[in-house]
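Structure first, then comments.
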Amino acid sequence: MKPLSQLFSLKKTEDSSFKSFEENEEDREQIRITYYQSGFAASVKATGKPIVLKACLQNLYMSFEDQCRKQKMEQDRLKQPYREEQEKNRTELKKSETAIGIYEKKEQDINDNMDQIKNEIIEVKRNPDKYGIEEGKGLKAQFYIGLILLLPITLYVLVFYISASYSAFFKEFSNDSLTAAIFDADAFTNAFKASWLEGVLVTTIPFVFMGLGYVIHMVQKGKGIKNIFRLVSLFAITFLFDSLLAYIIEKKIYEFNKTTESSPYNLNIALGEPEFWMIIFAGFVVYIIWGLVFDFVMKEFENIDKIRAFIRGRKENLLNLEKQKTDYINKINDFKQQIVIFNGRISELQSKIDGFVFPVKEYLHYHHQYKEGWFQAIGTELALPYKEKEELLQNCELYSEEHLSKLNLIDPDFQHLVYSKN
C-alpha cells in the first residue's frame, strides 16, 4: 500500500502550501493516478480476489477519513458555510432577545396604566371633584325638579298644537264655537271622527315641534358660526309655523264676523288683531320655555351620569389595554420559542464545526479510481479464462457496492457528510 502513503503525503504537502484540491489541478491529477496505481498494484498482488478488495476498500476509506480529520485548512474551508450559518442564527438570536426586552417594557407600561385606571375607578366614587366631575344631591334635585316641570309643559304643548292645528286646518266656526277658536276641547275626538288620517295628522303635529326642540338641544352642543346659524334657522322655522297657524285661525274668525263693509283679510289686519298675537305667544313662547326646560333636564341628567360614564370609559380602556397586553405576551412567547430554536440550531452547528466534514464526492471519485485500477489489473495482468474473469469482476463489483451501501454512499444527493462531535 505504498502508493497510499504517497497519496497522503501529497495531501500534507497541499495543506502546508495552503492550496485546496480544486485550486491545484496537477495535484488532483497526481492523486487520481496514485489511487489508480494503488488499486492496480493491490489487485495484481491479490490476484483480484474479491475478499481482498473488500478489505482494501475498507482500509482505503479509513485512511481517507483519518487524513481528512488531520487536514485543518481543508476542514476549515468545508466548515465555513456552517460558521456563516451559525453567525446568522446568532444575529437572529440577538434580534429576538432585543425584541423580548422591548415588548416586556411595553407590557410593564401597560400593567402600570391598568393599575392607575383601577385606582381611578375606585377614587372617582370617593372624590369626583378630583376628576372635574360635579356630583351631589343638589344636581339630582335640580334634575327631578326640571323633569316635574317638563311633564306638564309637554302636555300643554300637545294639547295646544292639537287644538290649534285642528282649528287651522279642519274646524268650521259657528256661533257657539267662536269662543273656542284657539282651544277646542273636542279637537282630538272630532278629528278622528272625521277621518283617521285627519286624526293622525292633528296628533303628530306636536311631535314635529318636540323634534325641533330635540334638534336644537343637540345643535347647542356644537360650536362655531355654523351652529349659531342653524339655531337661528330652527327658531325662525318654528316662529313662522306658529305665525301661519295664527294667521289661518284669525282669518277664519275674521271671515265669520266680517260684514259687507269689511275689507279683504290681509297681513296688516292680522297684525292688528290681539288674537293673532295671543295664538303666537300661547304657542311659540311656551314652546321656547319647553325647549329651555328640556335642555336643562338633559344637561342635568348628563351631569348625574358623568361618574358612570367615567367608569364605563375607564373599563373600556382596561379592555383595550388587556387586548394589547395579550398581544404583547403572545409576541414575547413567540420570540422565546424562536430563541429556543436558534439556540438549538447554534448548538447543532457548533457540534458540526467541532466535528469534521467528510468530502463524499471527492472520496467517491478516488474510490472509483482505485476500483478501476483493480479491475484493469484483472483484465490485463491475470491469466484467467474469460468466464472466470467475468465472474471475478462481477464478484468484485458486488463487494464494491456492498462497501458503499454500508456507508450509505450509493448515488448520494449530498456533497459532504458531517460527523458531529458528541
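The values are calculated or read from the model by the stated rules, or taken from the named source; none is laboratory data. On a predicted model such as this, the values are computed, not experimentally measured, just so you know. Cβ placement follows ideal geometry from the backbone for every residue including glycine, while neighbour counts extend to all protein chains displayed. Just so you know, the surface numbers come from the protein's heavy atoms only, side chains and all, with ligands and any DNA or RNA stripped out. Shrake-Rupley method; radii C 1.70, N 1.55, O 1.52, S 1.80 Å.
For the peptides 204-213, 219-228, 243-252, the ranking by packing is 243-252, 204-213, 219-228, with the highest mean count of neighbouring Cβ atoms within 10 Å listed first.
Computed over protein heavy atoms with a 1.4 angstrom probe, the accessible surface ordering of Y156, Y370, Y166, largest first, is Y156, Y166, Y370. Applying a threshold of 21 Å to the alpha-carbon distances of K130/K223; K70/K371; K95/K331; K49/K387; K88/K325; K79/K361 flags K130/K223; K70/K371; K88/K325 as lying beyond it. Region 79-114 to region 337-412: how many Å between their Cα centroids? Computed from Cα coordinates, the inter-centre distance equals 43 Å.
For region 211-327, the share of accessible area belonging to carbon and sulfur comes to 66 percent (1.4 Å probe, ligands and nucleic acids excluded). Protection proxy ranking of 274-280, 295-301, 32-38, by the mean of other Cβ atoms within 10 Å over each peptide's residues and highest first, is 32-38, 295-301, 274-280. In loop segments of region 37-145 as defined by DSSP, the GluC sites (Glu not before Pro) with at most 15 further C-beta atoms inside 10 Å of their C-beta are E134. Using the Cβ of Q394 as centre and a radius below 12 Å, the other residues enclosed give a net charge of -3, where K and R count +1 and D and E count -1. Summarising the amide proton neighbourhood of F358: residues at separation of 5 or more, or on other chains, whose placed amide H is nearer than 5 Å comprise L417, V418, Y419.
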